[in-house]
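Since every read-out is calculated from the coordinates, none of them should be taken as a lab result. Predicted model, so just to flag it, every value in this text is computed and none were measured. Virtual Cβ from ideal backbone geometry, glycine too; neighbours counted across all protein chains shown.
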Amino acid sequence: MKQNILISFSLLILLGFFTLSVHAQRMLTLNETIEIAKRQSPDALSAQHRFRSSYWQFRNYKASFKPMLTLDATLPSLSRSIEKITTPEGDFFYERNLANYSAGLSLSKNIGFTGGQIFFNSDLQRVDLFGDSTITSYMSAPLNIGINQPLFNYNPFKWAKKIEPMRYNEAERRYMEDVEQVNITASNLFFSLLDAQIRLKIQQINLLNNDTLYQIARGRFNIGTIAENELLQIELSLLNAQSAVENALLDVQVKAFNLKSYLRLPDAEDIRLITPPVPEAPVIDAQLAVTEARDNRADALAFDRRMLVAESRVNQAKTENRFNANLYAMYGLTQSARDLEAVYRNPQEQQRVILGLRIPILDWGLTRGKIKLAESDMEMERTAVQQQMIDFDQEVFLKVMQFNMLRNQLVIAAKSDTVAVKRYEVTKQRYLIGKIGIIDLNLAQSEKDNAQQGYIQALSTYWRSFFELRKLTLYDFVANDRMHFRFSDIPDVE
């Protein structure tokens with residue numbers, strides 16, 4: 001009698017706890033969960049930071065081709081020293097005290113096509129020589145125009161114009177893929193908790209059913225229509241159901257914590273999930289998916305970029321280790337005077353031309369070795385890219401085949417769930433009128449539970465495959481359109 005009271009009391013506590021928690025819960029759909037994850041999950045924030053880094057790297061690249069205006073100044077440079085001078089009468093040492101001031105304004109611009117640089121500058125210098133009397137002199141260069149041009153060297157600007165835009169487009173696509181990965185992770189956590197909540201609901205229903213059956217079995221045992229062995233079997237099922245509810249409650253709490261942690265929701269907030277519908281995706285054509293993946297994915301663009309980088313390294317090895325020349329030419333005006341006003345009067349011309357040559361004569365095969373090494377690395381990269389492209393197409397093709405197959409499996413799982421529930425109800429009624437034994441009833445209950453959980457698992461797999469296919473192709477098969485990068489989705493960028 002005490003044991004029966006204890007079982008009933010525990011049952012009331014468990015069901016009462018569940019009822020109270022339901023009233024405090026926040027209802028969440030899969031779409032709402034995904035939207036929250038895309039706004040504030042750690043993966044979403046990390047994806048935004050990675051894109052911002054790529055964005056500013058691209059902005060820096062573009063800025064390197066803009067004119068740069070700089071001001072350099074020395075205010076002042078003081079010097080006090082003893083120096084030696086040589087005269088026809090001999091060498092003498094004297095104390096030298098001076099102050100040097102300078103200011104210069106320079107405008108320069110890189111030339112992407114040639115790899116050189118043109119510049120315009122203007123500067124002014126003043127020197128104060130201290131002694132028995134202070135002597136001040138000025139020198140000005142009102143305008144200098146010049147060019148610094150490597151003639152046969154490696155041109156990093158030319159290759160950067162090809163590679164950096166590809167790298168930025170790759171970052172845009174990578175961000176969209178990261179967002180789809182957020183969808184996948186959020187979906188996995190959503191269905192993990194949903195499965196735990198449904199399992200808890202199943203165990204609670206089973207607990208109620210087993211309690212009802214136990215009460216009926218006690219009455220039958222008292223009038224002698226069933227044996228004690230069957231009563232004990234039903235009582236054991238009731239105890240197992242009670243234990244299953246407790247385990248399911250703990251599992252719900254763990255899975256809820258994982259989801260709330262990822263969504264960065266308050267820990268005190270309880271959530272209850274709503275079973276989502278099946279995605280309205282059509283049967284997907286594998287060739288369409290492969291074509292869109294080649295055109296849209298970051299990896300597809302990365303294949304071309306990696307080959308360009310390899311080609312640039314070969315070009316660098318060939319140009320930096322052979323005959324090279326550098327041309328520096330400058331034309332300008334200059335003047336010196338004892339006062340500031342006169343230093344800009346009647347300026348004189350100044351010109352400078354420097355042609356530097358570098359001719360390797362004997363390097364013991366070093367140049368040839370560097371070129372061969374770069375060429376070998378490029379061929380290795382080409383082989384790796386070709387294999388990855390094959391694996392890339394195969395991954396997309398297999399994912400399409402799996403997704404289309406999962407549609408049928410989901411239909412089967414849904415029908416199995418319906419049939420199993422109906423079979424259990426029929427079996428339960430037959431047991432209540434004494435047509436079958438407890439073993440058949442337990443088997444029907446187990447099949448019902450497995451079928452319900454199987455449907456949720458099939459639905460979870462189908463949604464995960466749906467998001468994975470979107471990530472692999474960056475194509476919306478529901479809207480039948482390519483997915484587009486939206487710059488407004490990234491906060492804190494100009």
query: Counting pairs of alpha carbon atoms under 8 Å apart in space and at least six apart in sequence, what relative contact order in percent does the range 299-373 give?
result: 35
- request: Compute the distance in nm between two label points, each set 7 Å from the Cα along the Cα-to-Cβ direction, one at SER243 and one at LEU107.
  value: 8.6
Neighbour-limited loop hits for GluC sites (Glu not before Pro), the range 220-296 (at most 16 other Cβ within 10 Å; DSSP other than H, G, I, E, B): GLU269, GLU280
field: Distance in nm between pseudo-label sites at MET166 and LEU308 (7 Å out along the Cβ direction from Cα)
entry: 0.5
- prompt: Which option, (1) 21.8; (2) 43.4; (3) 24.9, is the value of mean projected area of the Cα convex hull in nm² that was calculated from these coordinates?
  reply: (2)
task: Please list 204-212, 55-63 highest first by mean number of surrounding beta-carbon atoms within 10 Å per residue.
output: 204-212, 55-63
message: Can you tell me, using C-alpha contacts under 8 Å and at least 6 residues apart, the relative contact order of the chain as a whole percent?
response: 19
task: Would you order VAL182, VAL314 from fewest to most other beta-carbon atoms within 10 Å of each residue's own beta-carbon?
output: VAL314, VAL182
- line: Total charge of the residues flanking ILE198 in space, meaning their Cβ is under 14 Å from its Cβ, with Lys and Arg +1 and Asp and Glu -1, is +1
field: Highest average packing first - 460-467, 79-86, 480-487, Cβ atoms within 10 Å
entry: 460-467, 480-487, 79-86
- request: Grab the beta carbon distance between LEU288 and LEU432, set R0 = 45 Å, and tell me the FRET efficiency rounded to 0.05.
  value: 0.25
- prompt: For LYS260, what charge total do you get from the other residues with a beta carbon under 12 Å from its beta carbon, if Lys and Arg give +1 and Asp and Glu give -1?
  reply: 0
query: Tell me, TYR331, TYR94 in order of fewest to most beta-carbon neighbours within 10 Å?
result: TYR94, TYR331
message: Cut-off is 10 Å between beta-carbons; in what order do MET176, MET378 appear when sorted fewest neighbours first?
response: MET378, MET176
- request: Within the set of other residues whose C-beta is less than 12 Å from the C-beta of LYS422, count the net charge using Lys and Arg as +1 and Asp and Glu as -1.
  value: +1
field: Simple spin-label estimate for GLN457 and PHE323 in nanometres, 7 Å along Cα-Cβ
entry: 7.4
- prompt: Based on the mean of other beta carbon atoms within 10 Å per residue, what is the order of 135-141, 387-393, most packed first?
  reply: 135-141, 387-393
- prompt: Can you give the % of DSSP beta bridges in the chain that are antiparallel, to the nearest 5?
  reply: 95
